[in-house]
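Structure first, then comments.
The values are calculated or read from the model by the stated rules, or taken from the named source; none is laboratory data. Fair warning: this is a prediction, and the values are worked out from it, not measured in the lab. Ideal geometry is used to build each Cβ from the backbone, glycine not excepted, and the neighbour counts take in all protein chains shown.
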């Protein structure tokens, strides 16, 4: 029977143990910290379930989702385009990579005032901030993938007299696909982070806004429930992308 | 020349330096893989002061043989006696190993790499300096003593590893395809260095190699291993003089010897190739 | 290499000059952005005249230093521990690899509730942000110690402690350093972002304070300071990392 399970029984048991241990830790911490600081698992999960049934929650979730969707799309398209353009030339890569790396490493939250001054308190400000977070890692991973493509692949393409378009579509793209999927995952998470921070700092709707409002009102259970929902959603999508990534990496 | 100190004083009176008594090893099953019977049972003696080459198809357990003798892997069955004493499962006294992969420490200079083992042994600084100087000189590394391994070629780095092994004056030197990553010309020259080293130290040498030429040129005896589980099909005496070098290769006996080795190995190599399937990239037992 | 440096300098210098021209010409209005030269002058002015400047800078640096120490030391020790128990590691691996896809900042409000508005919240925020990068780097570093070096240590009969100190740690150093670099970058982001969202002091809080008070001169001066600090730190760590990798790997 256990042969039919994709997950070995022992591993499933390990995960179960991990989840139980986390819940126990959570409950223990909540007990020590007291209800003013940390709400317990039961209470929090019940509030999270309430949220999932309420229209107001979904209105905010939709606002976040819209901003995040655009941010994600623009980060991936823009990052991949920049990455390919810079990655194709050795000189451009040597010049551009450290600059992009530095831009990636600076605390971008400090740039949010500029974004607000340029875009005002709007959807585009959130999108721009999400893109600011997401675009650099995607570009960097794309450059890395292209630079690390084995030269012998490209030589083979030349020997087979492929046109540049054929080379790009039949050799280069499949060769960098695993890294592109990694870029997709990192870009996704960075763009989500950017969008949420934008909402935390200044916005009129969205899950980040709900969160900051709950914090100002000192509603611990609300904060915990929202944080839990965000964690769960991000981890679920992140895990899915990770699984796809694992499959692509293994295939290549 | 006459002032050159001998690196080791070896007693040539007893003949069996190492005795393998029905030694066998099986790697236990891992997730999704059945257990692998890698070696043996193996019975043979390694004579004191001899140079033994071991050849065999890839994945036949050559490396397992070496690691068992080096005390890195405890064999499942049988015993190994060194100087008449059974091995305890630890690294035995007087053993030096040169691995196939580059094992020089990248954070140490060439001289510090070579001195590493001696410093561990707590020898006086003067003694260490003398031995290191000698070894660097012997391996032609003197001008690189303050260089770091990353500044050297692969061949030079392997020399560093050989020098690091020989300064400890091992009486039993084990080499696991030490020249595997080098080009043919460099291999020949390194082989000659190795012969010189062997003659000077009088140590017992076991060389694992996949090159039939190398095995035939360097060794007193060549042991031919079967496909997995590795056993000795034959042990061939070369009858070369102790003073020898790569010019042996032009002698007719050399051709006879290598073609005999190949005729022994051909069928085994085919078996190994077929059983390892598509993944033939040096599929060892682990 | 020098040609690359030259082009980089021209590129960055050109961008700054372009920004300067656009601001001076009024294409970018003064309420949105002040010219880069004014940012520098403003920074010099606040550093010399404002009484809050040094206390705020030191507050941030101190919190940052503590967060980095906790993240790096903690991440290294946790990494060692997890590496030693393969079964635990197999369990935790998905957790580690999806950690940065979870917006850790949503915990900051919670940290304030637990630790109050003060250094503790900021330090925990920074450390939480940086620690997983260090854990993952430690695991990678331990995985990638060449087997030949470990075998060599055994052949030389180093005891467990010496084997770790004299062979495994030095062999793992480049990857550990990469972890340190990432942890530092994440700690900087965590601490400054925390200050920016909600804090009583610190350079990040000064930035949001001056923004909320429409004090563009101060805001851009502080912004310049943070950007230059983060970029310089990153560049230095990159150079060091590159040297280490060049020596270790060929």
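Answer with yes or no whether residue C:92 is more than 9 Å from chain A (Cβ to nearest Cβ), in a helix (DSSP H, G or I) and more than 28 Å from residue C:196 (Cα to Cα).
Working: more than 9 Å from chain A (Cβ to nearest Cβ): no; in a helix (DSSP H, G or I): yes; more than 28 Å from residue C:196 (Cα to Cα): yes.
Answer is no for this residue.
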Can you name every residue in the stretch C:137-163 that is over 20 Å from residue B:67 (Cβ atoms), touching a residue at least 12 places away in the same chain (Cβ under 8 Å) and within 13 Å of chain B (Cβ to nearest Cβ)?
C:144
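For the stretch C:204-221, which positions are in a helix (DSSP H, G or I) and over 16 Å from residue A:201 (Cβ atoms)? Lay out the reasoning, then the answer.
Pass one, the stretch C:204-221, residues in a helix (DSSP H, G or I): C:204-212, C:216-221.
Scanning the stretch C:204-221 gives C:216, C:217, C:218, C:220, C:221.
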From the list B:32, B:40, which one is crowded, with 23+ Cβ neighbours inside 10 Å and at pLDDT below 85?
B:40
Can you tell me which residue is farthest from residue A:12 (Cα to Cα) among those in the stretch C:90-117 that are under 18 Å from the mean Cα position of the chain (by Cα) and at pLDDT 75 or above?
C:108
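Of all residues in the stretch C:22-43, which are away from chain A (no Cβ under 13 Å) and surrounded by 12 or more Cβ atoms within 10 Å (Cβ to Cβ)? Please lay out each step first, then the result.
Within the stretch C:22-43, the subset away from chain A (no Cβ under 13 Å) is C:24-26, C:35, C:37-38, C:40-43.
C:24, C:35, C:37, C:38, C:40, C:41, C:42, C:43 - these are the residues of the stretch C:22-43 that are away from chain A (no Cβ under 13 Å) and surrounded by 12 or more Cβ atoms within 10 Å (Cβ to Cβ).
Please find, among A:121, A:91, the residue that is farther than 21 Å from residue C:36 by Cβ, in the same structural domain as residue A:191 (by TED's automatic domain parsing) and outside any helix (DSSP H, G or I). Outline the logic, then answer.
On the way: A:91 fails: outside any helix (DSSP H, G or I).
Going through A:121, A:91 in turn, just one is farther than 21 Å from residue C:36 by Cβ, in the same structural domain as residue A:191 (by TED's automatic domain parsing) and outside any helix (DSSP H, G or I): A:121.
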Would you confirm whether any residue within the stretch C:65-81 is in a helix (DSSP H, G or I), crowded, with 21+ Cβ neighbours inside 10 Å, in contact with a helix residue (DSSP H, G or I) (Cβ under 9 Å, 6 or more places away or on another chain) and within 12 Å of chain A (Cβ to nearest Cβ)?
no
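Going by the structure shown, is residue B:51 buried (at least 20 other Cβ atoms within 10 Å of the Cβ) and within 14 Å of another protein chain (Cβ to nearest Cβ)?
Working: buried (at least 20 other Cβ atoms within 10 Å of the Cβ): yes; within 14 Å of another protein chain (Cβ to nearest Cβ): no.
Spelling it out, it is not the case that residue B:51 is buried (at least 20 other Cβ atoms within 10 Å of the Cβ) and within 14 Å of another protein chain (Cβ to nearest Cβ).
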I'd like to know if the stretch B:164-176 contains one or more residues that are modelled with pLDDT of 85 or more, more than 30 Å from residue B:128 (Cβ to Cβ) and in contact with a strand residue (DSSP E or B) (Cβ under 8 Å, 6 or more places away or on another chain).
no
Do we have any residue at all in the stretch C:99-110 that's more than 24 Å from residue A:239 (Cβ to Cβ), touching a residue at least 40 places away in the same chain (Cβ under 8 Å) and more than 7 Å from chain A (Cβ to nearest Cβ)?
no
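Can you tell which of C:193, C:171 is closer than 17 Å to residue C:223 by Cβ and touching a helix residue (DSSP H, G or I) at 6+ places or on another chain (Cβ under 8 Å)? Explain how you work it out, then say what you get.
On the way: C:171 fails: closer than 17 Å to residue C:223 by Cβ.
So the residue among C:193, C:171 that is closer than 17 Å to residue C:223 by Cβ and touching a helix residue (DSSP H, G or I) at 6+ places or on another chain (Cβ under 8 Å) is C:193.
Buried (at least 20 other Cβ atoms within 10 Å of the Cβ), in a loop (DSSP other than H, G, I, E, B) and either in the same structural domain as residue B:260 (by TED's automatic domain parsing) or at pLDDT below 90 (or both): which single residue out of B:89, B:117, B:59, B:122 fits that description? Break it down stepwise before answering.
Values: B:89 fails: buried (at least 20 other Cβ atoms within 10 Å of the Cβ); B:117 fails: in a loop (DSSP other than H, G, I, E, B); B:122 fails: buried (at least 20 other Cβ atoms within 10 Å of the Cβ).
Only one candidate passes the filter, namely B:59.
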So if I check each of A:71, A:81, A:77, which one is surrounded by 15 or more Cβ atoms within 10 Å (Cβ to Cβ) and either closer than 26 Å to residue A:129 by Cα or not assigned by TED's automatic domain parsing to the domain that holds residue A:203 (or both)?
A:71
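Restricting to the stretch C:4-24, count the residues that are closer than 15 Å to residue A:90 by Cα and either touching a helix residue (DSSP H, G or I) at 6+ places or on another chain (Cβ under 8 Å) or not in a helix (DSSP H, G or I) (or both). First the steps, then the outcome.
First pass over the stretch C:4-24, keeping only residues closer than 15 Å to residue A:90 by Cα: C:4-5, C:7-8.
Next, only the ones that are either touching a helix residue (DSSP H, G or I) at 6+ places or on another chain (Cβ under 8 Å) or not in a helix (DSSP H, G or I) (or both) stay: C:4, C:7-8.
Number satisfying all stated conditions: 3.
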How many of the residues making up the stretch B:69-126 are within 18 Å of the chain's Cα centre (by Cα) and within 12 Å of chain C (Cβ to nearest Cβ)?
19
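With A:168, A:214, A:191 as the choices, which residue is in the same structural domain as residue A:235 (by TED's automatic domain parsing), in a helix (DSSP H, G or I) and in contact (Cβ under 8 Å) with a residue 60 or more places away in the chain? If you could, list the steps in order and put the result at the bottom.
Values: A:168 fails: in contact (Cβ under 8 Å) with a residue 60 or more places away in the chain; A:214 fails: in contact (Cβ under 8 Å) with a residue 60 or more places away in the chain.
One residue alone meets the criteria, A:191.
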Tell me, please, whether a residue that is at the interface with chain C (Cβ under 10 Å from one of its Cβ atoms) and under 23 Å from residue A:70 (Cα atoms) can be found in the stretch A:171-183.
no
So which residues in the stretch B:213-254 are part of a loop (DSSP other than H, G, I, E, B) and more than 19 Å from residue B:50 (Cα to Cα)?
B:226, B:227, B:228, B:229, B:231, B:251
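Could you tell me whether any residue of the stretch A:34-46 is out of contact with any strand residue (DSSP E or B) (no Cβ under 7 Å at 6 or more places or on another chain), in a helix (DSSP H, G or I), modelled with pLDDT under 85 and not assigned by TED's automatic domain parsing to the domain that holds residue A:215? Even if it seems obvious, please write down each step before you answer.
Step one: filter the stretch A:34-46 for residues out of contact with any strand residue (DSSP E or B) (no Cβ under 7 Å at 6 or more places or on another chain), giving A:34-46.
From the residues that got through so far, the ones that are in a helix (DSSP H, G or I) too are A:41-46.
With modelled with pLDDT under 85 added as a condition, the list becomes none.
Checking the stretch A:34-46: not a single residue is out of contact with any strand residue (DSSP E or B) (no Cβ under 7 Å at 6 or more places or on another chain), in a helix (DSSP H, G or I), modelled with pLDDT under 85 and not assigned by TED's automatic domain parsing to the domain that holds residue A:215.
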Hits in the stretch A:223-252 (condition: more than 10 Å from chain C (Cβ to nearest Cβ), part of a helix (DSSP H, G or I) and farther than 24 Å from residue A:131 by Cβ):
A:225, A:247, A:248, A:249, A:250, A:251
Against the condition assigned to a helix (DSSP H, G or I), more than 18 Å from residue C:57 (Cα to Cα), out of contact with any strand residue (DSSP E or B) (no Cβ under 6 Å at 6 or more places or on another chain) and facing another protein chain (nearest Cβ under 10 Å), how does residue C:237 come out, does it pass?
yes
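From A:69, A:96, A:144, A:83, grab the single residue that is under 16 Å from the mean Cα position of the chain (by Cα) and more than 8 Å from chain C (Cβ to nearest Cβ). Steps first, answer last, please.
Values: A:96 fails: under 16 Å from the mean Cα position of the chain (by Cα); A:144 fails: under 16 Å from the mean Cα position of the chain (by Cα); A:83 fails: under 16 Å from the mean Cα position of the chain (by Cα).
Matching residue, one of A:69, A:96, A:144, A:83: A:69.
So which of A:137, A:113 is within 14 Å of chain C (Cβ to nearest Cβ), in contact with a helix residue (DSSP H, G or I) (Cβ under 8 Å, 6 or more places away or on another chain), modelled with pLDDT of 90 or more and assigned to a helix (DSSP H, G or I)?
Values: A:113 fails: modelled with pLDDT of 90 or more.
Result: A:137 is the single residue among A:137, A:113 that is within 14 Å of chain C (Cβ to nearest Cβ), in contact with a helix residue (DSSP H, G or I) (Cβ under 8 Å, 6 or more places away or on another chain), modelled with pLDDT of 90 or more and assigned to a helix (DSSP H, G or I).
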Output the number of the condition that residue B:111 fails; it satisfies all remaining conditions of (1) within 27 Å of residue B:231 (Cβ to Cβ); (2) touching a residue at least 24 places away in the same chain (Cβ under 8 Å).
(1)
Suppose we keep only residues that are at pLDDT 90 or above and facing chain A (nearest Cβ under 8 Å) within the stretch C:190-221. Which one would you say is nearest to the chain's Cα centre (by Cα)?
C:192
